[in-house]
1. Quick one: in the stretch 37-82, which of the residues that are of a type in the set (D, E, K, R) and in contact with an Asp or Glu (Cβ under 8 Å, 6 or more places away or on another chain) is farthest from Ala114 (Cα to Cα)?
2. So, of the residues in the stretch 85-98 that are among the β-branched types (Val, Ile, Thr) and under 16 Å from Gln46 (Cα atoms), which turns out to be surrounded by the most Cβ atoms within 10 Å (Cβ to Cβ)?
3. Give me a count of the residues in the stretch 79-127 that are in contact (Cβ under 8 Å) with a residue 12 or more places away in the chain, assigned to a helix (DSSP H, G or I) and among the charged types (D, E, K, R).
4. Hey, can you tell me all the residues within the stretch 37-55 that are in contact with a Gly (Cβ under 7 Å, 6 or more places away or on another chain) and surrounded by fewer than 18 Cβ atoms within 10 Å (Cβ to Cβ)?
5. Are any residues in the stretch 158-178 among the β-branched types (Val, Ile, Thr) and within 15 Å of the chain's Cα centre (by Cα), and if so, which ones?
6. Can you pull out the residues in the stretch 27-36 that are within 20 Å of Ser115 (Cα to Cα), part of a helix (DSSP H, G or I) and in contact with a helix residue (DSSP H, G or I) (Cβ under 7 Å, 6 or more places away or on another chain)?
7. What residue, of Val153, Val200, Val179, Val147, is in contact with an Asp or Glu (Cβ under 9 Å, 6 or more places away or on another chain), in the same structural domain as Ala29 (by the TED database) and more than 30 Å from Ile60 (Cβ to Cβ)?
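The values are calculated or read from the model by the stated rules, or taken from the named source; none is laboratory data. Since the structure is predicted, the reported quantities are computational estimates derived from the model, not experimental observations. When we count neighbours, we look across all protein chains shown, and the Cβ atoms used for this are built from the backbone with ideal geometry, even at glycine.
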Amino acid sequence: MSGTEQHAFERGLRVGLTGGIGSGKSTVARTFAQLGALVVDSDAIQRLVVAPGSDGLRAIVEEFGEAMLTADGELNRPAMAELVFADETARRRLEGITHPLIAQETARQMGKAASGQVVVHDIPLLVELGYADKYDLVVIVDAPQEVRLERLVADRGMTKEAALSRIRSQATTEQRRAVADVWIDNTGTPEELREQASEVWTTHVEPSVHH
């Protein structure tokens, strides 16, 4: 066992899990959790650091004004999105507030892993942020664009135009393939996807844990 492998074994395997919107990534994350992994959900952390009463939300209001709050004291996401979409400087100012908080909370949650426990980081923008090298194993969940479109319209109530816009704003299949250690093609049923995830755990995760 190399020094790197020894370190990975002692701290537990780090798995980066990603996939485009509507790919079925969340189902794979739940399956890994049921098999014993600690799953750290990037989307949940992003919501947490700007929750009502949080330091993150207070900093956003100080930086951008009360217009960033709803009547209920929550982050006005449409207003925030409209502002940063149109203004690159505003986007960087926002990221200057949220990114350190996200990194801190991510590290805190990962630190809760038991000795040797597999940690799965469920992170939609793994490829876009260039984070592939941070993990021992990168698992990509994918499905053809037309399949993902159907799911987003049927399951999430999105318009076809909105769904297509979200898909096109994310990494391409080719960009994901370039960093994938494991590729899960989710064109079947949810049960088939869970079976694929279990197989990945058995063939790629467990051997590394028990190396």
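1. Asp43
2. My answer is Ile97.
3. 2
4. Pro52 - this is the single residue of the stretch 37-55 that is in contact with a Gly (Cβ under 7 Å, 6 or more places away or on another chain) and surrounded by fewer than 18 Cβ atoms within 10 Å (Cβ to Cβ).
5. Residue satisfying the conditions is Ile167 alone.
6. If the condition is that a residue be within 20 Å of Ser115 (Cα to Cα), part of a helix (DSSP H, G or I) and in contact with a helix residue (DSSP H, G or I) (Cβ under 7 Å, 6 or more places away or on another chain), then Phe32 is the only one that fits.
7. Val179
Here's the yes/no breakdown for (1) crowded, with 16+ Cβ neighbours inside 10 Å; (2) among the polar types (S, T, N, Q):
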| position | (1), (2) |
| --- | --- |
| Lys112 | no, no |
| Val118 | yes, no |
| Gly130 | no, no |
| Leu149 | yes, no |
| Gly157 | no, no |
| Gln175 | no, yes |
| Thr203 | no, yes |
